[in-house]
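Participant: Could you have a look at this structure, given as structure tokens, before my questions?
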Amino acid sequence: MAFKLVSPAPHLARASRPFLQCLRRAAPTAQRRYISAYGYEQAKALTFTAYGEPPDVLKLHSHSISPPHGNLMTLRFLASPINPADINQIQGVYPSKPTFTTELGTKDRTAVAGNEGVAEIIALGEQVKQQGFKKGDWVIMKGPGFGTWRTHASATPEQVVLLEEGMREGITAVQAGTVSVNPCTAYRMLTAFTELKEGEWFIQNGANSGVGRAAIQLGKRWGYKSINVIRHREDQAAEEKLKKELKDIGADVVISDAELQSQGIQDRANEWTNGGREPIRLALNCVNGKAATAMAKVLASESHFVTYGAMSKQPLTIPASMLIFKDIHFHGFWVSKWSAQNPEEKKVAVKDVLELTRKGQFKDTPFDQIKWEWETKEEELIAKVKDTLEGYREGKGVFLFGKT
């Protein structure tokens with residue numbers, strides 16, 4: 001494989017050998033990107049060869065991607081978030097497993113971290129062109145396990161969903177790169193398990209998460225009312241600030257998990273819901289434990305309780321009375337499985353959320369944008385992943401790719 005550096009001024013090529021040697025000795029040591037003479041794209045990726053804690057197993061790997069042909073396309077990533085599922089996948093405890101391969105030129109089988117993101121097509125084979133793709137198009141991943149924490153990748157049309165020009169108009173890379181997991185999870189749970197009528201209520205925990213914030217805004221847009229549960233904070237001022245933040249994006253009621261488990265919560269719920277005449281018919285749970293059980297107790301009979309996470313790492317305990325006398329229906333939801341099985345439905349959800357975003361009716365989750373340039377060091381990127389793992393962040397971590 002042949003490579004060349006971005007060329008120096010032509011007259012230097014005619015310089016004498018001693019003069020060139022002096023230039024080489026005096027040249028700066030800053031890292032420079034190599035460009036292929038035969039169309040090979042140079043890429044970097046955060047990879048791992050074995051499961052473990054991200055700081056222990058992640059490595060920044062450099063490799064080359066051959067020019068695309070046939071049904072292959074070369075992607076340049078624009079934005080890729082750091083989701084809890086990504087961390088769990090690296091740890092080896094997530095149901096969806098990454099693809100371990102030696103196709104990146106590694107001796108050992110290696111996987112690329114990350115599941116969500118948006119990329120631009122920078123080159124494509126003839127078969128890809130025949131399917132309607134073109135250079136400059138934006139795509140998102142169709143399902144998990146692709147590996148999105150990287151500057152470039154080779155992909156097939158079957159692995160991506162095209163964001164048509166009308167869908168991406170007025171949309172930033174961060175908005176496009178974070179639409180397919182959290183907003184789609186909220187979208188699907190609010191519409192798939194029961195048909196809420198305008199003015200009816202849903203209740204959710206983890207309300208300040210990406211899914212929670214999306215559910216608040218989508219529910220408000222569709223005429224639903226929401227009771228939102230957040231984790232109790234010792235800093236009362238911080239808790240009140242968060243409550244106000246959620247109400248500002250459309251939450252009707254915001255309480256802490258301590259308030260949810262206090263005596264008299266049913267009386268308070270009746271006050272919120274017009275004496276109980278406006279039923280709470282749907283619950284969205286990502287926490288589990290006693291707080292989740294307390295949330296189920298305020299549901300109306302024949303309601304639906306959907307679990308999509310287990311942040312507390314505690315089991316979900318269901319009293320028999322809820323099943324026998326109240327006929328509460330308990331469900332599980334995994335957005336990755338739904339996305340893989342229903343790509344067209346996912347595309348509709350993505351399109352709707354992006355349209356609301358474009359109109360200013362859906363606000364972004366707070367983001368901590370992590371700049372990823374070609375010169376960005378391995379330790380810088382891994383430190384940001386570690387911060388997310390430990391909870392030290394001002395918002396959802398998102399790799400924002402610059403000059404790569």
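Yes or no, residue by residue, for (1) of a type outside the set (Lys, Arg); (2) in a helix (DSSP H, G or I); (3) surrounded by 24 or more Cβ atoms within 10 Å (Cβ to Cβ); (4) modelled with pLDDT of 95 or more:
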position	(1), (2), (3), (4)
LYS220	no, yes, no, yes
VAL229	yes, no, yes, yes
ALA237	yes, yes, no, no
LYS243	no, yes, no, yes
LYS247	no, yes, no, yes
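Participant: Could you tell me how many of the residues in region 280-338 are in contact (Cβ under 8 Å) with a residue 60 or more places away in the chain, touching a Phe, Trp or Tyr at 6+ places or on another chain (Cβ under 9 Å) and among the hydrophobic types (A, V, I, L, M, F, W, C)?
Facilitator: Matching residues across region 280-338 total 12.
Participant: Among (1) within 24 Å of THR404 (Cβ to Cβ); (2) in contact with a Gly (Cβ under 7 Å, 6 or more places away or on another chain), where does ASN71 come up short?
Facilitator: With (1) within 24 Å of THR404 (Cβ to Cβ); (2) in contact with a Gly (Cβ under 7 Å, 6 or more places away or on another chain) applied to ASN71, the lone miss is (1).
Participant: Select, from LYS351, LYS396, LYS359, the only residue that is touching a helix residue (DSSP H, G or I) at 6+ places or on another chain (Cβ under 7 Å), outside the structural domain of LEU282 (by TED's automatic domain parsing), more than 17 Å from THR191 (Cβ to Cβ) and not aliphatic (A, V, I, L, M). So that I can check it myself, show each step before the final result.
Facilitator: Working: LYS351 fails: more than 17 Å from THR191 (Cβ to Cβ); LYS359 fails: touching a helix residue (DSSP H, G or I) at 6+ places or on another chain (Cβ under 7 Å).
None of the other options fit; the residue is LYS396.
Participant: Return the residue satisfying two criteria in turn: it lies in region 365-404 and is over 24 Å from ASN88 (Cα atoms) and of a type in the set (D, E, K, R), and of such residues it is surrounded by the most Cβ atoms within 10 Å (Cβ to Cβ).
Facilitator: Taking region 365-404 as the starting set, the residues that turn out to be over 24 Å from ASN88 (Cα atoms) are 373-376, 402-404.
Pick out the ones that are also of a type in the set (D, E, K, R) and you get 373, 375, 403.
Numbers: GLU373: 15, GLU375: 13, LYS403: 9.
Out of the qualifying residues, it is GLU373.
Participant: Considering only strands (runs of 3 or more DSSP E) fully contained in region 92-200, which possess at least 2 residues that are touching a Gly at 6+ places or on another chain (Cβ under 8 Å)? Steps first, answer last, please.
Facilitator: Numbers: elements: 118-124, 138-141, 152-155, 160-163.
In region 92-200, 118-124, 138-141 are the strands (runs of 3 or more DSSP E) which contain 2 or more residues that are touching a Gly at 6+ places or on another chain (Cβ under 8 Å).
Participant: Just to be sure I understand, how many residues within region 44-83 are without any contact (Cβ under 8 Å) to a residue 24 or more places away in the chain and part of a helix (DSSP H, G or I)? Let's see the steps before the verdict.
Facilitator: Going through region 44-83, the residues without any contact (Cβ under 8 Å) to a residue 24 or more places away in the chain turn out to be 50, 56, 62.
Of the ones still in play, those that are also part of a helix (DSSP H, G or I) are 56.
Residues that pass the stated criteria total 1.
Participant: Please find, within region 289-311, the residue that is surrounded by the most Cβ atoms within 10 Å (Cβ to Cβ) out of those that are part of a loop (DSSP other than H, G, I, E, B) and out of contact with any helix residue (DSSP H, G or I) (no Cβ under 9 Å at 6 or more places or on another chain). Lay out the reasoning, then the answer.
Facilitator: Filtering region 289-311 down to residues part of a loop (DSSP other than H, G, I, E, B) leaves 298-303, 308-311.
From what is left, the residues that are out of contact with any helix residue (DSSP H, G or I) (no Cβ under 9 Å at 6 or more places or on another chain) are 300-302.
Numbers: ALA300: 16, SER301: 11, GLU302: 12.
So, considering only residues that are part of a loop (DSSP other than H, G, I, E, B) and out of contact with any helix residue (DSSP H, G or I) (no Cβ under 9 Å at 6 or more places or on another chain), the one surrounded by the most Cβ atoms within 10 Å (Cβ to Cβ) is ALA300.
Participant: Being assigned to a helix (DSSP H, G or I), out of contact with any Ser or Thr (no Cβ under 8 Å at 6 or more places or on another chain) and small (Gly, Ala, Ser) is the filter here, so list the residues in region 318-367 that pass it.
Facilitator: ALA320, SER321, ALA340, ALA349
Participant: Among the residues of region 212-224, is there at least one that is at negative phi, out of contact with any Leu (no Cβ under 9 Å at 6 or more places or on another chain) and polar (S, T, N, Q)?
Facilitator: No: zero hits.
Participant: With GLY105, GLY166, GLY177 as the choices, which residue is touching a residue at least 12 places away in the same chain (Cβ under 8 Å) and surrounded by fewer than 20 Cβ atoms within 10 Å (Cβ to Cβ)? Spell out how you get there, then give the answer.
Facilitator: Numbers: GLY166 fails: touching a residue at least 12 places away in the same chain (Cβ under 8 Å); GLY177 fails: surrounded by fewer than 20 Cβ atoms within 10 Å (Cβ to Cβ).
Going through GLY105, GLY166, GLY177 in turn, the sole match is GLY105.
Residue-wise test of (1) surrounded by fewer than 21 Cβ atoms within 10 Å (Cβ to Cβ); (2) within 16 Å of GLU41 (Cα to Cα); (3) not small (Gly, Ala, Ser).
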| position | (1), (2), (3) |
| --- | --- |
| ARG76 | yes, yes, yes |
| GLY117 | no, no, no |
| LYS142 | yes, no, yes |
| GLY170 | yes, no, no |
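Participant: Further question: Residues to consider are LYS326, LYS290, LYS313; find the one that is over 30 Å from VAL161 (Cβ atoms) and modelled with pLDDT under 90. Even if it seems obvious, please write down each step before you answer.
Facilitator: Details: LYS326 fails: modelled with pLDDT under 90; LYS290 fails: modelled with pLDDT under 90.
Only one candidate qualifies: LYS313.
The values are calculated or read from the model by the stated rules, or taken from the named source; none is laboratory data. Note that the structure is predicted; figures quoted are calculated from it, not measured. When we count neighbours, we look across all protein chains shown, and the Cβ atoms used for this are built from the backbone with ideal geometry, even at glycine.
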